[in-house]
1. For the stretch 1-59, enumerate the residues that are among the polar types (S, T, N, Q) and over 15 Å from residue 84 (Cβ atoms).
2. Check the stretch 91-105 and report whether any residue there is under 23 Å from residue 9 (Cα atoms) and touching a Lys or Arg at 6+ places or on another chain (Cβ under 7 Å).
3. What are the pairs with Cβ atoms under 6 angstrom where one residue, in the stretch 6-23, is open to solvent by 30 Å² or more (accessible area, probe 1.4 Å) and the other, located anywhere, is assigned to a strand (DSSP E or B) and among the hydrophobic types (A, V, I, L, M, F, W, C)? Sequence gap at least six, or different chains.
4. Name, by its number, the condition in (1) free of Cβ contacts under 8 Å to residues at least 60 places away in the same chain; (2) over 24 Å from residue 20 (Cα atoms) that does not hold for residue 124.
5. So which residues in the stretch 114-136 are part of a loop (DSSP other than H, G, I, E, B) and closer than 14 Å to residue 49 by Cα, if there are any at all?
6. Can you name the residue in the stretch 76-112 that is in contact (Cβ under 8 Å) with a residue 40 or more places away in the chain and assigned to a strand (DSSP E or B) and is also most open to solvent (accessible area, probe 1.4 Å) among such residues?
7. Kindly establish whether residue 146 is surrounded by 15 or more Cβ atoms within 10 Å (Cβ to Cβ), touching a strand residue (DSSP E or B) at 6+ places or on another chain (Cβ under 7 Å) and either under 25 Å from residue 33 (Cβ atoms) or aromatic (Phe, Trp, Tyr) (or both).
8. Within the stretch 57-75, which residues are open to solvent by 60 Å² or more (accessible area, probe 1.4 Å) and closer than 23 Å to residue 133 by Cα?
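The values are calculated or read from the model by the stated rules, or taken from the named source; none is laboratory data. Just so we're clear, the structure is a prediction, and the values are computed from it rather than from any experiment. All Cβ positions, even for glycine, are placed from backbone atoms using ideal geometry, and neighbour counts span all protein chains on display. All accessible areas refer to the heavy atoms of the entire protein, side chains included, with ligands and DNA or RNA removed. Shrake-Rupley method; radii C 1.70, N 1.55, O 1.52, S 1.80 Å.
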Amino acid sequence: MEKIASFTVDHTRLQRGIFVSRQDRFGETVLTTFDIRLKRPNREPVLDNPALHTIEHLGATFLRNHPVWGPKTVYFGPMGCRTGFYVIFEGALTSREILPLIRNLFNWIAEFNGPLPGASAEECGNYLDHNVGMARWEARRFLEVLNNPLPENLEYPASNK
């Protein structure tokens with residue numbers, strides 16, 4: 001079998017940031033999948049499950065309710081390796097184009113204070129496994145990259161082009 005695109009990325013060189021993972025065409029529609037990488041793979045501790053789960057709830061809620069991006073949001077969810085998230089938007093997009101949106105998202109998570117959306121037994125399959133405080137901490141840490149991104153925070157390492 002062929003390797004899927006995400007397994008061809010050199011994770012030993014990957015930095016934190018926002019990366020175009022792939023673009024897929026469905027008829028006239030283009031979907032862009034972004035790699036929202038909060039952790040440097042294999043070089044720092046991964047996101048703990050409660051923070052990851054909380055960021056997933058907050059991220060999906062923010063994006064799907066966004067007045068412009070809500071209708072273009074296809075998916076927001078965690079990576080199995082727990083180093084970040086995938087988000088899929090309608091459109092042929094670049095990391096720079098969505099940077100302001102993702103910066104706003106993580107600012108919102110960093111400042112979030114209130115009832116966590118979808119965090120009841122009726123709404124969530126693991127509703128007790130959340131940590132808003134740790135999600136805010138992780139969001140603030142990721143904003144260090146989002147507020148002053150370098151090229152290596154917006155483009156995969158050169159060997160993957």
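1. Residues satisfying the conditions are 8, 12, 23, 29, 32.
2. Yes, because at least one residue in the stretch 91-105 is under 23 Å from residue 9 (Cα atoms) and touching a Lys or Arg at 6+ places or on another chain (Cβ under 7 Å).
3. Pairs found: 23/30.
4. That leaves (1) as the condition not met.
5. Within the stretch 114-136, 125, 126, 127, 128, 129, 130, 131 meet the criteria.
6. Taking the candidates together, the pick is 90.
7. no
8. Our first condition is that a residue be open to solvent by 60 Å² or more (accessible area, probe 1.4 Å); within the stretch 57-75, this holds for 64-65, 67-68, 71-72, 74-75.
64, 65, listed by residue number.
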